[in-house]
Amino acid sequence: GMGTEDGIVLLDYKTDRVDSAEELVLRYRRQMELYGDAIWRTQGMPVKEMYLYSFALGETILVES
């Protein structure tokens, strides 16, 4: 992740073959939330934004928690 004063931006690259961004978010939201919790506990910094980059879709998707 990239550190900023107010938190970390988490970006995870996925190679899954999916038809929609929603499909990818449904699949990985929980995992991303767990990553965020772990970063908060170990680094003491909040994760302010989480993104998935989909190679299949060629786009970056904001993961809403």
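The values are calculated or read from the model by the stated rules, or taken from the named source; none is laboratory data. From a predicted model like this one, the values you see are computed outputs, not experimental measurements. With ideal geometry, Cβ positions are generated from the backbone for all residues, glycine too; neighbour counts draw on all protein chains shown.
Note on segment 10-53: residues that are of a type outside the set (D, E, K, R) and under 11 Å from the mean Cα position of the chain (by Cα) total 16. Scan segment 19-63 for residues that are part of a strand (DSSP E or B) and within 22 Å of ASP6 (Cα to Cα) and the total you get is 9. Of all the residues in segment 52-65, those that are exposed (fewer than 15 other Cβ atoms within 10 Å of the Cβ) and of a type in the set (Ser, Thr, Tyr) number 2.
Quick one: which of GLY44, GLY36 is modelled with pLDDT under 95 and surrounded by 12 or more Cβ atoms within 10 Å (Cβ to Cβ)?
Numbers: GLY44 fails: surrounded by 12 or more Cβ atoms within 10 Å (Cβ to Cβ).
Only one candidate passes the filter, namely GLY36.
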